[in-house]
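See below for the structure under consideration.
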Amino acid sequence: MTQLTKLAALKKIGVLNLQGAISEHLSVLQHIENVQAIAVKKAEQLDELAGLIIPGGESTAISRLIRQNHLFDPIIQFAKQGKGIFGTCAGLVLCGKTTTHNEVEQLKLIDIEVERNGFGRQIASFETVLDIETIGQQIPAVFIRAPYITKVGSQVKPLAFVNHHCVMAQKDNILVCSFHPELTSDDRIIKYFVQLC
Ligand code: GLN
């Protein structure tokens, strides 16, 4: 009986398994109670998921692989069903609507304009702590050739800033951040995403 209750509460969260920081996200998810972490490469796998993380990596490579693996429209449908999507770093670029770099085919899941490698031109990688409304204070964040958000649509909520640049935003079931939350031991951001799903 107890076992059945536990299974019913299990949330399946996928990590897009094409390129980038895949195992790091899977490992954080595996440590969250009542979450089953799944590496996702095929559209059919999306059916069983409550949420999907699009990891950091190379947005040009990931966007090409999304097409090659016939995942472009299925991911858009997944988001339309109200299921959770969390785009981190390159994943933010992919979830965005417009970018200065048109070699990336964006999924346009959230109305944000993205400056790809925005921080990269100033300083390639850095670590900082963020106070994020609704999530918590002093959350460590690792930025690696990170993008930032230059414009948000009226329905999109900006959640965090670094040097006046927006680095995290949410619209309902779609969450994006320009850093790598999976590379620190603080799992508050990923837990927040799981709760959204
Ligand atoms: N600069 C990379 C890109 O846009 C993102 C870097 C990252 O995900 N750490 O593809």
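The values are calculated or read from the model by the stated rules, or taken from the named source; none is laboratory data. Just so it is clear, the structure is predicted and the values come from calculations on it, not from any experiment. FYI the Cβ positions are ideal-geometry reconstructions off the backbone, even for glycines, and counts take in every protein chain you see. When the accessible area is computed, the model is the full protein with side chains, heavy atoms only, and any ligands, DNA or RNA have been set aside. Shrake-Rupley method; radii C 1.70, N 1.55, O 1.52, S 1.80 Å.
The residues in segment 86-104 that are within 8 Å of the chain's Cα centre (by Cα), more than 11 Å from PRO147 (Cα to Cα) and within 11 Å of the ligand (Cβ to nearest atom) can be counted, and the count is 1. Mind telling me which of the residues LEU130, LEU183 ends up being more than 16 Å from the ligand (Cβ to nearest atom), out of contact with any Leu (no Cβ under 7 Å at 6 or more places or on another chain), of a type outside the set (Val, Ile, Thr) and closer than 27 Å to HIS31 by Cβ? Only one candidate qualifies: LEU130. Within segment 29-55, residues that are at positive phi reach partners that are surrounded by 11 or more Cβ atoms within 10 Å (Cβ to Cβ) and not in a loop (DSSP other than H, G, I, E, B) with beta carbons closer than 9 Å, at six or more positions or on different chains, in the pairs ASN34/LYS6; ASN34/LYS11; ASN34/VAL194. When only residues in segment 57-72 that are assigned to a helix (DSSP H, G or I) and more than 13 Å from CYS95 (Cα to Cα) count, which is nearest to the ligand (Cβ to nearest atom)? So, considering only residues that are assigned to a helix (DSSP H, G or I) and more than 13 Å from CYS95 (Cα to Cα), the one nearest to the ligand (Cβ to nearest atom) is ALA61.
Inside segment 113-127, can you point out the residues that are in a strand (DSSP E or B) and surrounded by 14 or more Cβ atoms within 10 Å (Cβ to Cβ)? Before you say what the answer is, go through the steps one by one.
If we filter segment 113-127 for residues that are in a strand (DSSP E or B), which is where we start, we get 113-115, 125-127.
Matches in segment 113-127: GLU113, VAL114, GLU115, PHE126.
State whether the residues of segment 21-39 include one that is small (Gly, Ala, Ser), open to solvent by 50 Å² or more (accessible area, probe 1.4 Å), within 27 Å of THR184 (Cβ to Cβ) and within 16 Å of the ligand (Cβ to nearest atom). Checked segment 21-39: at least one residue is small (Gly, Ala, Ser), open to solvent by 50 Å² or more (accessible area, probe 1.4 Å), within 27 Å of THR184 (Cβ to Cβ) and within 16 Å of the ligand (Cβ to nearest atom).
For segment 55-75, does any single residue satisfy the condition of being surrounded by 13 or more Cβ atoms within 10 Å (Cβ to Cβ), in contact with a His (Cβ under 6 Å, 6 or more places away or on another chain) and modelled with pLDDT of 95 or more? Don't jump to the end; show me each part of the working.
Of segment 55-75, the ones surrounded by 13 or more Cβ atoms within 10 Å (Cβ to Cβ) are 55-66, 69, 71-72, 74-75.
If we keep only those that are in contact with a His (Cβ under 6 Å, 6 or more places away or on another chain) as well, we get 55-56.
Still in the running and modelled with pLDDT of 95 or more: 55-56.
Within segment 55-75, one or more residues are surrounded by 13 or more Cβ atoms within 10 Å (Cβ to Cβ), in contact with a His (Cβ under 6 Å, 6 or more places away or on another chain) and modelled with pLDDT of 95 or more.
When LEU107, LEU130 are screened for being of a type outside the set (Lys, Arg), at pLDDT 95 or above and within 16 Å of the chain's Cα centre (by Cα), only LEU107 passes.
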